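Take a look at the structure set out below.
The values are calculated or read from the model by the stated rules, or taken from the named source; none is laboratory data. Only a predicted model underlies this, so the values are computations on that prediction, with no experimental measurement involved. Cβ sites come from the backbone with ideal geometry, for glycine too, and all protein chains shown count toward neighbours. What goes into the accessible areas is simple: the full protein's heavy atoms, side chains included, and nothing from ligands, DNA or RNA. Shrake-Rupley method; radii C 1.70, N 1.55, O 1.52, S 1.80 Å.
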2 protein chains.
Amino acid sequence: MKKPQIINLKKSILEDNDTDANLLRSALKKHDIFYVNIMSSPGSGKTSTILRMIENLSNQLSIAVMEADIDSDIDAHIIAQTNTPVIQLHTGGMCHLDAEMSKQGIRALHPLASSLLILENIGNLICPAEFDTGAHMNVVILSVPEGDDKPLKYPLIFERCDAVIINKIDSLPSFDFDMEKSFSYIHERNPHAKIFPISAKTGVGIDLLCDWLKSQIGKVANE
Amino acid sequence: MKKPQIINLKKSILEDNDTDANLLRSALKKHDIFYVNIMSSPGSGKTSTILRMIENLSNQLSIAVMEADIDSDIDAHIIAQTNTPVIQLHTGGMCHLDAEMSKQGIRALHPLASSLLILENIGNLICPAEFDTGAHMNVVILSVPEGDDKPLKYPLIFERCDAVIINKIDSLPSFDFDMEKSFSYIHERNPHAKIFPISAKTGVGIDLLCDWLKSQIGKVANE
């Protein structure tokens, strides 16, 4: 068996929006708004995880949601059914959100002071990781059917996140997904990432996730 | 229930590599090389589908494979086990391949005349659709666990492809995926797209897919 040859292609585009993101983060903190950015591949269960978070937390916290998509407003309609304030952001083909785009959404959504603001980012494991949205916390969802090797293939998003949610664990019997390997690949990229195995379908694991989220909200508020 | 508000964010980046792609397509045709670009989300089964294509076609055709990834060379190693010529392309963080990057890979891989050249593009439903790689055929894989609504959310890739493979149909009983809806969403975006439900795991549907692929190779060769 021959070892495959490796070609390193050249990178051509760079951007920077860090200052903008830091300013947004501070401004939100002044209003006691905790901003969480949720990222994943298409179809790994961002919307259904957010629904579970709303179910678990809405009697304790004010929640508002920004749904980002290239097209369609399916997800915002689903969230709206819970009577949670929600806005749909269309990127017109763009593959990520940056701080300026965040601000456009926040201005229009106008979340309450002392609330939890959730962004469902564009379904994409690559580009969203390159742009700081101004969020206080970045969460990646990896779903069981995608495979345990994704942290090896999409390093940046796993390096830059605070937590990884492993979703669809109810489907573990149908897929060749090694939970132990996935933990070790994630920690290889990011030793500090918290990992939460859940099933947004059955509700398993949501309690632990939401308890941790609340503890982080308290921590940032007291910083 | 309130109708969610929609904000149209501004698009900032445009590129064009169409001339380059057309030149590459003609050059490959002169050598009777048929170039297929396979795109999908992370983890929808591009590599295992390519393995099934190799299994089905390698006694009739010379095949060569380019594996594109941001990092890791797992997939190229898997393909190499079949003794198929393969090369791993690292994009260094970039989210897509264009014609120039294709050429860099093809120069290094050096596929035989009268062969089938397969590109496994970066796992991403957005950016790869924006860049013509110079391929003669573009194929999108949508897997059952991702959900039937993806053609609504990621329009461009479904508009620009020649065929859609619906993979992991063995997992249909575990997921809320409506096959009829998925066909209608795909054809809403692209009335000419051929659709092939398959399971790369069990092998179901691979015959039909490969028969069609062979018919397309013959068609382009005789144009």
> Is it fair to say A:L51 is modelled with pLDDT of 95 or more, part of a helix (DSSP H, G or I) and open to solvent by 10 Å² or more (accessible area, probe 1.4 Å)?
Replying inline: yes
Just one listed residue, out of B:K153, B:K168, is modelled with pLDDT under 95 and open to solvent by 10 Å² or more (accessible area, probe 1.4 Å), and it is B:K153
Every listed condition ((1) under 14 Å from the mean Cα position of the chain (by Cα); (2) farther than 30 Å from B:S62 by Cα; (3) small (G, A, S)) holds for B:S171 save (1)
When segment B:116-144 is checked residue by residue, the ones that are polar (S, T, N, Q), in a loop (DSSP other than H, G, I, E, B) and closer than 25 Å to B:D178 by Cβ are B:N124
Considering residues that are within 17 Å of A:S114 (Cα to Cα) and open to solvent by 10 Å² or more (accessible area, probe 1.4 Å), the number found within segment A:55-86 is 9
Q.
Kindly evaluate A:K46 against the criterion of being buried (at least 24 other Cβ atoms within 10 Å of the Cβ) and among the basic types (K, R).
A. yes
Within segment B:102-118, restricting to residues that are open to solvent by less than 30 Å² (accessible area, probe 1.4 Å) and either more than 7 Å from every other protein chain (Cβ to nearest Cβ) or within 20 Å of B:P42 (Cα to Cα) (or both), the one that is nearest to the chain's Cα centre (by Cα) is B:I118
Of the residues in segment A:156-165 that are open to solvent by 40 Å² or more (accessible area, probe 1.4 Å) and assigned to a helix (DSSP H, G or I), the one that is farthest from the other protein chains (Cβ to nearest Cβ) is A:E159
A careful count of residues in segment A:61-81 that are farther than 16 Å from B:K150 by Cβ and part of a helix (DSSP H, G or I) gives 4
Counting only residues that are surrounded by fewer than 18 Cβ atoms within 10 Å (Cβ to Cβ), within 14 Å of chain A (Cβ to nearest Cβ) and part of a helix (DSSP H, G or I), segment B:171-200 contains a total of 4
Taking segment A:44-81 and keeping only residues that are farther than 27 Å from B:P128 by Cα, more than 9 Å from every other protein chain (Cβ to nearest Cβ) and among the small types (G, A, S), one is left with A:S58, A:S62, A:A64
Within segment B:1-43, residues open to solvent by 70 Å² or more (accessible area, probe 1.4 Å), modelled with pLDDT of 55 or more and not in a loop (DSSP other than H, G, I, E, B) come out as B:Q5, B:D18, B:T19, B:N22, B:L23, B:K29, B:K30
Subject >> Flag for B:G203 being in contact with a helix residue (DSSP H, G or I) (Cβ under 7 Å, 6 or more places away or on another chain) and either surrounded by fewer than 22 Cβ atoms within 10 Å (Cβ to Cβ) or outside any helix (DSSP H, G or I) (or both) >> reply: yes
Restricting segment B:82-91 to residues that are part of a loop (DSSP other than H, G, I, E, B) and touching a strand residue (DSSP E or B) at 6+ places or on another chain (Cβ under 6 Å), the one nearest to the other protein chains (Cβ to nearest Cβ) turns out to be B:P85
Note: among A:G218, A:G147, just one is out of contact with any helix residue (DSSP H, G or I) (no Cβ under 8 Å at 6 or more places or on another chain), within 11 Å of chain B (Cβ to nearest Cβ) and open to solvent by less than 60 Å² (accessible area, probe 1.4 Å), namely A:G147
